[in-house]
Structures are given as structure tokens and as C-alpha cells.
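Participant: Got a structure here, written out as C-alpha cells. Questions coming.
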Amino acid sequence: MKTGLVLEGGAMRAIYTAGVLDVFMENGLWFDGLLGVSAGAIHGSVYLGNQPGRTIRYYKKYSRHRKFMSFYSLVTTGSLVGEQFCYHDLPDRLDPFDYDTFSKSPTAYYAVCTDLETGKAIYPRCTDLKKEMDYMLASASMPMVSRIVEVDGKKLLDGGVADSIPVQAAKDLGYPKRVVVLTQCKGYRKKPMNLTLAKLLYKKYPAFLETMANRHTIYNSTVEEIERLEAAGEIFVIRPTEDLAIGRMEKDPQRLEAQYNLGRKDAETRLAALKDWLNEN
């Protein structure tokens, strides 16, 4: 059966996923397909670029940079995350991304986005990230603190709004044997959002607002399904074994490294069991 890797988002908290993926790279563990959501899409691209250590390196160096993720960036550019700095300066010059290795990877890469006009998730497959960077940008563009990203005639934002953990989408795309990396501890459930500001910003997109209003319900039902599938042995899940209280906008390099190291530790602990599970029929 084809294998799929599903990566949840979570902004800075998802540095946990980078730790997991570095262990995968170091042990030559690859998959047929990868679906990344928001920060999961970003870390997944580094995985397919086969650059272990890159993500934590630039997080530690630039997490406090005012153009990385800050209210300065929000005020000056309209997006909390600096598009020019994070999606061009960093990968092209400051800490070069291996576009060539990414393009040659046999793993199919999907950056999950939410279409504002339909309120539904889309799963574009990207093969040339240099040309298709806007899909990854859209996947990681959080509502209310990011500009709408227009790609191929679609208006897109954070894939986590419509499909935070695309475990079913991975199966639908042809990857029935799925490994899921979560960024919340077991038992976590999402609470309803305050939509006061969203109703002002997205009044032209009623379907998107409806999806935002239902996001917690969709997320929680997905988590419950993941727990059921995990108990039945149908999927393999790696999630934080400790709650280090890392926020979505965490800037402390030491706290970020602790979250990254937790991802490494959890992946190393589960590695033998994961390999056995992948080798099962």
C-alpha cells in the first residue's frame, strides 16, 4: 500500500514536527505522499529538500527578527509573517533551500489551503516550489493576520481552517497507510473561535465564515476519528508526549529548541515501532 505522511500545523508550536522530520531524514524514512497544513507544509518542504537541521537552525537565528513573525510585520506588510523575508530572503539567500532536491523527490507534496469562496479545502500538488511557493504561503497564511493569497484565480488562506489534519484526504488521494504527526497532546480539543473581527474582514466570503465558525467541530471530530483509527492500528500517530506550553507566536529560541527536541525524542522513541508498522501488509 502507498504510504502517506500527514502534518498538522500550529505556527511556532509546529517546530515539534521539524524535530520528528529530522529524525525521519537521518534514518532514511520516506513516504509516497505528504500532506502539509500551514507550518506543517513549511516543515514538510524542508523534509523533501532533505535538509536535516535547517529548520531549527533558522528558527533559533531569526525567531526574534522583526520581519520573521511580528506585529511590526503585520503593520508594515499586512501579514504577521513577513512574506519577503520568510519566503524569499530566507530560502534564497540567508539559509538556502534545496529546490532541486525537493523537485527530484519521489514523494508527492501537497500544500493544503482553504478556498475563501467555497470554504472548502484544496490540495494542490506542488512539484516546483520555486514557481509554486504561493501555495505554501497560502497554506501558512493565518486568518485575520495575513493577506489573502491569490493563486490560479483562487483566493486562499490557511489550510487549517477547512482541514487541519487531512487524514481522510490522504486516503482519498491514494495513500491508505498513513502516518500522522500532530502538534497537540492526546486529549486536546479545540474551542470555538471569536468571529467578531472575522465577520468584518471576510463579509464577502460567507462560506469561509461558516467554515471558520465550524472549525472547532470539524477539528474535534477529526481528532476523535484519528484516535479511533489509531486504536484500530489503521494509522500511526506521533504527537507531543509533554505539553511545553509553546504558543503559536513563541519567540524564545531556547523554548523553541525544547519543543524541537521533544519532537526528536518522541520520534526516536517510536521509530522502531513505526518501521515495524510500515512493514506490515
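The values are calculated or read from the model by the stated rules, or taken from the named source; none is laboratory data. Note that the structure is a prediction, hence the values are computed from the model and not measured. When we count neighbours, we look across all protein chains shown, and the Cβ atoms used for this are built from the backbone with ideal geometry, even at glycine. Keep in mind that these areas ignore ligands, DNA and RNA; they rest on the heavy atoms of the full protein, side chains included. Shrake-Rupley method; radii C 1.70, N 1.55, O 1.52, S 1.80 Å.
Participant: Could you please state how large a percent of the accessible area of the chain is carbon and sulfur, counting protein chains only and using a 1.4 Å probe?
Facilitator: Here carbon and sulfur together make up 50 percent of the probe-accessible area.
Participant: Quick one: what are the phi-derived ³J(HN,Hα) couplings along the stretch 113-125, Karplus 6.51/-1.76/1.60 with θ = phi - 60°, whole Hz, x for glycine and proline?
Facilitator: 10, 10, 7, 5, 6, 9, x, 9, 7, 10, 10, x, 8
Participant: Kindly provide the Kirkwood hydrodynamic radius of the stretch 54-194 in Å, to one decimal, from all pairs of distinct alpha carbon atoms.
Facilitator: In the stretch 54-194 this quantity evaluates to 16.6 Å.
Participant: Taking volume of the Cα convex hull per residue in Å³ straight from the coordinates, which label in [x] 118; [y] 266; [z] 240 is the correct one?
Facilitator: Step by step, volume of the Cα convex hull per residue in Å³ for this structure corresponds to label [x].
Participant: A further question follows. Report the gain in length on full extension from Ala272 to Arg93: 0.36 nm times residue separation, minus Cα-Cα distance, nm rounded to one decimal.
Facilitator: Computed gain between Ala272 and Arg93 is 60.7 nm.
Participant: How many percent of DSSP beta bridges within the chain run antiparallel, rounded to 5?
Facilitator: Antiparallel bridges: around 35 percent, rounded to the nearest 5.
Participant: How much accessible area per residue does the stretch 120-269 have, in Å², with a 1.4 Å probe?
Facilitator: 49 Å²
Participant: Can you tell me which of Tyr260, Tyr188, Tyr72 moves the most in a GNM of the chain? Springs connect C-alpha atoms under 10 Å apart.
Facilitator: Answer for the Gaussian network model of the chain: Tyr188.
Participant: Related question: Any of Lys120/Lys199; Lys131/Lys204; Lys2/Lys265; Lys61/Lys190; Lys204/Lys251 with alpha carbons more than 22 Å apart? Name them for me.
Facilitator: Pairs exceeding 22 Å: Lys131/Lys204; Lys2/Lys265; Lys61/Lys190; Lys204/Lys251.
Participant: Accessible area per residue of the stretch 13-98 at 1.4 Å probe, in Å²?
Facilitator: In whole numbers, the stretch 13-98 has 36 Å² accessible per residue.
Participant: While we're here: Using amide H atoms built 1.01 Å from N in the peptide plane, name the residues 5+ places from Lys177, or on other chains, whose amide H lies under 5 Å from its own.
Facilitator: Lys2, Gly4
Participant: Please give, to one decimal in nm, the separation of the simple spin-label points placed at Asp100 and Lys120, each 7 Å out from Cα toward the Cβ.
Facilitator: My value for the distance between the label points is 4.0 nm.
Participant: Among Tyr58, Tyr110, Tyr123, whose mean-square fluctuation peaks in a Gaussian network model of the chain (Cα, cutoff 10 Å)?
Facilitator: The residue with the greatest mean-square fluctuation here is Tyr58.
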